1. Say R0 is 22 Å: what FRET efficiency, to the nearest 0.05, do Glu178 and Gln102 get from their beta-carbon distance?
2. Separation between the Asp20 and Met227 pseudo-spin-labels, each 7 Å from Cα along Cα→Cβ, expressed in nm?
3. Among the chymotrypsin sites (Phe, Trp or Tyr not before Pro) within segment 1-103, which fall in a DSSP loop and have no more than 16 other Cβ atoms within 10 Å of their own Cβ?
4. In the neighborhood of Glu235, defined by Cβ-to-Cβ distances under 15 Å, what is the net charge if each Lys or Arg adds +1 and each Asp or Glu adds -1?
5. According to a simple spin-label model (label point 7 Å from Cα along Cα-to-Cβ), what is the distance in nm between Tyr122 and Asn248?
6. May I ask you to evaluate 6.51 cos²θ - 1.76 cosθ + 1.60, the Karplus curve with θ = phi - 60°, for each residue of segment 160-166 and list the ³J(HN,Hα) values in order in whole Hz, giving x for glycine and proline?
7. Enumerate the amide H contacts of His198 below 5 Å, restricted to partners 5 or more residues apart or on another chain; note that Pro and chain-start residues carry no placed amide H.
8. Considering only protein heavy atoms and a probe of 1.4 Å, how much of the accessible area of segment 108-208 is carbon and sulfur, as a whole percent?
Amino acid sequence: MEVTFLGTGTSQGIPIIGVDHPVCYSDDPRDKRLRVSVLVNWKGKNILIDCGPDFRQQMLANNVKKLDAIFYTHEHNDHTAGLDDIRPYFFRQGDIPIFAHQRVLNSLRRKFDYIFTSEDRYPGAPAVIENVVHNEEFQFEGLSIMPVDFKHNKLQVFGYRLGDFAYLTDIKTITEEEIAKLKDLKVLVVSALRREPHHSHFNLEEALEFLEIVKPERTYFTHISHMLGFHAEVEEELPENVHLAYDNLKIEI
């Protein structure tokens, strides 16, 4: 399995428009973060987790030639706004499978009604195959996918476990039952927004405490804001097997 971090930033990205903060002026490319998303290549299948507003730029930056499926975590704009830009893949491949909670599919239908309509379709619009994700293991092209259910403040979010890899973003609270799905991970990706507490995200302290429970072999933090600090400085503070992810980082599992 190869995982590509397409974006590792918050809903505003880094640098943030009009914000006069030292991290936003950093010369380190690792401090420039697009909206959060990963591409998982697993047994020849390219699985995208979340399709945000920087999707087109991310696909071009990583020369992604095909897209087999999109898994959505939740409906917020930084995770969904790029759906129209799947058109080049649709033109070459046909309808693109998408997987999401029914609530998220309903939200996508409202935002992108012209993609989902069956009447008077615009001929240039992409088309998708809707798949409802429930909180139970499911199959995609012979691959077993385990949803992981948690809360982003009061909003339900799905993370996903694919083999020995799990991806959890926009997490604040999670039950012991769901944590049990994360045993024996080789790699965990989890969000760590900033140092100060936040009402709907793990801060750095909470993310590190979560690792003490899950105990993955390796961890990469994502959904990072400028308020966490400079990449190079934060990286030096972390335990040996814990890292900050950065845009276009590729890891093998």
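1. Working: r = 19 Å, r/R0 = 0.86.
After rounding to 0.05, the efficiency reads 0.70.
2. Using points 7 Å along Cα→Cβ, the separation is 1.9 nm.
3. On the way: sites: Phe5, Tyr25, Trp42, Phe55, Phe71, Tyr72, Tyr89, Phe90, Phe91, Phe99; in loops: Tyr72.
In loop regions of segment 1-103 (DSSP not H, G, I, E or B), there are no sparsely surrounded chymotrypsin sites (Phe, Trp or Tyr not before Pro).
4. Values: positive: Arg30, Arg33, Arg195, Arg218; negative: Asp28, Asp31, Glu233, Glu236, Glu237, Glu240, Asp247.
Taking every Cβ under 15 Å from that of Glu235, the sum is -3.
5. Computed distance between label sites Asn248 and Tyr122 equals 3.1 nm.
6. Per residue, the Karplus-derived 3J(HN,Hα) values read 9, 10, 10, x, 8, 10, 9 Hz.
7. Excluding prolines and chain starts, which carry no amide H, the hits are Asn203.
8. On the way: 2310 of 4950 Å².
It is 47 percent, rounded to a whole number.
The values are calculated or read from the model by the stated rules, or taken from the named source; none is laboratory data. From a predicted model like this one, the values you see are computed outputs, not experimental measurements. Cβ coordinates were reconstructed from backbone atoms using ideal geometry, including for glycine residues, and neighbour counts include every protein chain displayed. What goes into the accessible areas is simple: the full protein's heavy atoms, side chains included, and nothing from ligands, DNA or RNA. Shrake-Rupley method; radii C 1.70, N 1.55, O 1.52, S 1.80 Å.
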